[in-house]
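Structure first, commentary second.
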Amino acid sequence: MTSVKAAILGFGTVGQGIYNIVHERREHFKQTLGVEIEVAKILVRDASKVREGIDSSLFTESFDDILAIPDLEVVFEGIVGEDPAYGYLDQAIEKGCHVITANKVMFARYGQELQLKAKKKGVQVGYEATTAGGVPVIKTMQNLLRVNEVKQVQGILNGTSNYILTQMRAEELPFDVALKAAQDLGYAEADPHNDVSGEDAFRKLMILCALAFGEQPDWNKVEVVGIDGISSEQVEEAKAQGLRYRHVADAYRDEATGEIIAKVGPQLVGADHPLYAIDDVNNAVTLDTNYIGTLTMVGPGAGMYPTASVMMEDYADMLAKPEKAVSLA
Ligand SMILES: NC(=O)c1ccc[n+]([C@@H]2O[C@H](COP(=O)([O-])OP(=O)(O)OC[C@H]3O[C@@H](n4cnc5c(N)ncnc54)[C@H](OP(=O)(O)O)[C@@H]3O)[C@@H](O)[C@H]2O)c1
């Protein structure tokens, strides 16, 4: 039995999910993947914090301790923001480790660089968890792009916004009350700015653009509008006309200019639209492709286990396809 050493960066919702799955599914991974995964170290901001039931010697505040792990194979990253996450993953790749991230803020900005570097180093980058949580949009798109072109991507990429819009329509709640309900249920952060302003959906859309079109649009040209300007009256009026507000991240390549046109904001959709029926905290992504046609995937966009599960699936894929990439150097 091969033993592989893993490190986890961050031990919040995502990091704990990874740790729990590695331990709960130990026997399953031995049987199906032929490996025993050992969590060798966990990076946190505060290593003195008591983390019930977990060996405290696993925790460190120093990334040097992660780099010093002998034969480190894979780094799972679940910390917050662009820095220092990018620098950590860059160093892990340099050391020859596979990296798997849930950090969309970092990956929207640096994902292409990290993937290029990984290719040169012959390691792999997993980022399914960055976009639409448990919905397997990245893997699905990677597969269908082998044959198809993606002409348009449209998605509900922020579950909190979708929950608020659903509550405003179905329960006839004003925005503030629906937001409070989302916070009480743990869907929205104490500071919900990134969710309701559209910024979170924007970062995810940029990740999808890089994959679908091989490039991102100029970020400054992307119109980003949140849901905070939608009134109860507007929602009621739309409902009376058989329409629903959806917060949609939308991107396509303009055939005439070749430019990628992307925007994020509320759209009114009718019953014939693939995103009309997507309620509550769900995420959904609709891909318009040349051969398959239109494909819509729906599922949980966040949460400990949906997110950690797709990260472990990324690692299982890496084990199944261990071939070293061709050097671009
Ligand atoms: N939560 C979800 O459902 C979800 C879904 C998809 C993607 N994501 C993304 O996954 C990432 C993690 O989310 P989360 O919800 O797990 O966050 P979280 O609960 O706030 O946990 C963050 C963890 O990262 C550690 N950390 C933060 N900054 C650090 C730094 N500079 N150096 C070392 N450790 C640091 C914290 O350490 P301490 O414990 O010491 O404070 C904490 O353990 C984020 O980028 C998020 O956008 C989350």
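For the reader, a short list of remarks on this structure follows.
- Residue check, residue 157 more than 21 Å from residue 201 (Cβ to Cβ), hydrophobic (A, V, I, L, M, F, W, C) and in the same structural domain as residue 197 (by TED's automatic domain parsing): no
- Odd one out for residue 120, checked against (1) over 15 Å from the mean Cα position of the chain (by Cα); (2) open to solvent by less than 50 Å² (accessible area, probe 1.4 Å); (3) touching a residue at least 60 places away in the same chain (Cβ under 8 Å); (4) not assigned by TED's automatic domain parsing to the domain that holds residue 293: (2)
- Within region 36-47, considering residues that are assigned to a strand (DSSP E or B) and open to solvent by less than 60 Å² (accessible area, probe 1.4 Å), the one nearest to residue 16 (Cα to Cα): 42
- Taken over region 130-149, the residue count meeting the criterion of being of a type outside the set (Ser, Thr, Tyr), under 20 Å from residue 112 (Cα atoms) and either free of Cβ contacts under 8 Å to residues at least 60 places away in the same chain or open to solvent by less than 10 Å² (accessible area, probe 1.4 Å) (or both) is 7.
- Test: residue in region 212-225 that is of a type outside the set (Gly, Ala, Ser) and buried (at least 23 other Cβ atoms within 10 Å of the Cβ): no
- Qualifying residue in region 258-274 (condition: of a type in the set (D, E, K, R) and within 16 Å of the ligand (Cβ to nearest atom)): no
- Some residue of region 175-185 being buried (at least 16 other Cβ atoms within 10 Å of the Cβ) and in contact with an Asp or Glu (Cβ under 6 Å, 6 or more places away or on another chain): no
- Among residues of region 88-111 that are open to solvent by 10 Å² or more (accessible area, probe 1.4 Å) and β-branched (Val, Ile, Thr), those with a Cβ under 7 angstrom from a residue that is at pLDDT 95 or above and within 11 Å of the ligand (Cβ to nearest atom), sequence gap 6+ or separate chain, pair up as 105/81; 105/82; 105/203.
- Listed conditions (1) open to solvent by less than 60 Å² (accessible area, probe 1.4 Å); (2) of a type in the set (Gly, Ala, Ser); (3) away from the ligand (no atom under 12 Å from the Cβ); (4) farther than 30 Å from residue 210 by Cα are all met by residue 57, apart from (1).
- Filtering region 48-63 to residues that are over 16 Å from residue 5 (Cα atoms), assigned to a helix (DSSP H, G or I) and within 27 Å of the chain's Cα centre (by Cα) leaves nothing.
- Residue match in region 14-23 (condition: in contact with a helix residue (DSSP H, G or I) (Cβ under 8 Å, 6 or more places away or on another chain), outside any helix (DSSP H, G or I) and at pLDDT 95 or above): no
- Of all residues in region 274-308, those satisfying the criterion of being crowded, with 20+ Cβ neighbours inside 10 Å and in a helix (DSSP H, G or I) are 307, 308.
- Looking only at residues in region 192-211 that are at pLDDT 95 or above and assigned to a loop (DSSP other than H, G, I, E, B), the one that is least open to solvent (accessible area, probe 1.4 Å) is 198.
- Selection of region 159-195 for residues being closer than 12 Å to residue 280 by Cα and acidic (Asp, Glu) yields only 171.
- Residues within region 89-129 that are more than 11 Å from the ligand (Cβ to nearest atom), touching a Ser or Thr at 6+ places or on another chain (Cβ under 8 Å) and not in a helix (DSSP H, G or I), tallied: 3
The values are calculated or read from the model by the stated rules, or taken from the named source; none is laboratory data. No experiment lies behind these values; they were computed from the predicted model shown. Virtual Cβ from ideal backbone geometry, glycine too; neighbours counted across all protein chains shown. When the accessible area is computed, the model is the full protein with side chains, heavy atoms only, and any ligands, DNA or RNA have been set aside. Shrake-Rupley method; radii C 1.70, N 1.55, O 1.52, S 1.80 Å.
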